[in-house]
Every structure is written in structure tokens, then in C-alpha cells.
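Below: the structure, in C-alpha cells.
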Amino acid sequence: MSRGVHVTLLVIVLGMVASGIGMMILSGAGPAVFGAPGAVMPDFHEVLPRRPHGLGARLMIALLAVHAGAALYHHFVRRDETLKRMW
């Protein structure tokens, strides 16, 4: 199960990167992000990759919570050395 969560986290991170780059390219936010004088951030509500980016963010938060919960479960309930091995 842990391997599946780790792989899913990596896939979501790559998806977040791809959708973030897509949002920046399609919206023209590059100058504002990289500090061009007088540039303002565009409205992202009309950009197509906005929904997958938001869904990826929510999935990542949920998986991180499950991951942390599993680590605490192994440490406090099962009392094995899993948490120590992570360091």
C-alpha cells in the first residue's frame, strides 16, 4: 500500500507541474511571475488546466494526510521501526 501511495504522490506532483506550466503559458502570466515591471497576474478562471491543478492540489493534501497518518500509526500503534527508518 505504501508503494502505491508513493507512486500516486509522484504522479500527482508531475501532474501539478504540468498543469501549472500549462496555466502559465495559456494565461500569459509569465511576465508577472518572473517580475516584469508593471505586469499583473491574469484571471485564471478561464484557463483550461485550472481544474486539474486544483484537483491535484486536493488529492495531494489528502494523500499527504494519509501518509502522515500511516507513519504515526506505525509509530504509536504497531510500535515498529518504520518511522525511524524514514529518517
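Every number here is computed from the coordinates shown, using simple stated rules; none is lab data. Because the structure is predicted, anything quoted here is derived from the model rather than measured. When we count neighbours, we look across all protein chains shown, and the Cβ atoms used for this are built from the backbone with ideal geometry, even at glycine.
Quick notes on this structure:
- Flag for GLY4 being small (Gly, Ala, Ser) and assigned to a helix (DSSP H, G or I): yes
- Scanning segment 1-39 for residues that are touching a helix residue (DSSP H, G or I) at 6+ places or on another chain (Cβ under 6 Å), of a type in the set (Val, Ile, Thr) and more than 18 Å from ILE61 (Cβ to Cβ) yields nothing.
- A count restricted to segment 29-61 and to residues that are part of a helix (DSSP H, G or I), closer than 24 Å to VAL11 by Cα and of a type in the set (Val, Ile, Thr) stands at 1.
- In segment 39-62, residue farthest from HIS6 (Cα to Cα) [restricted to those that are crowded, with 16+ Cβ neighbours inside 10 Å and within 10 Å of the chain's Cα centre (by Cα)]: HIS53
- Residue ID - surrounded by the fewest Cβ atoms within 10 Å (Cβ to Cβ), chosen from residues in segment 67-87 that are assigned to a helix (DSSP H, G or I) and aromatic (Phe, Trp, Tyr): PHE76
- Condition check for LEU64: on the phi < 0 side of the Ramachandran plot, in a helix (DSSP H, G or I) and free of Cβ contacts under 8 Å to residues at least 12 places away in the same chain: no
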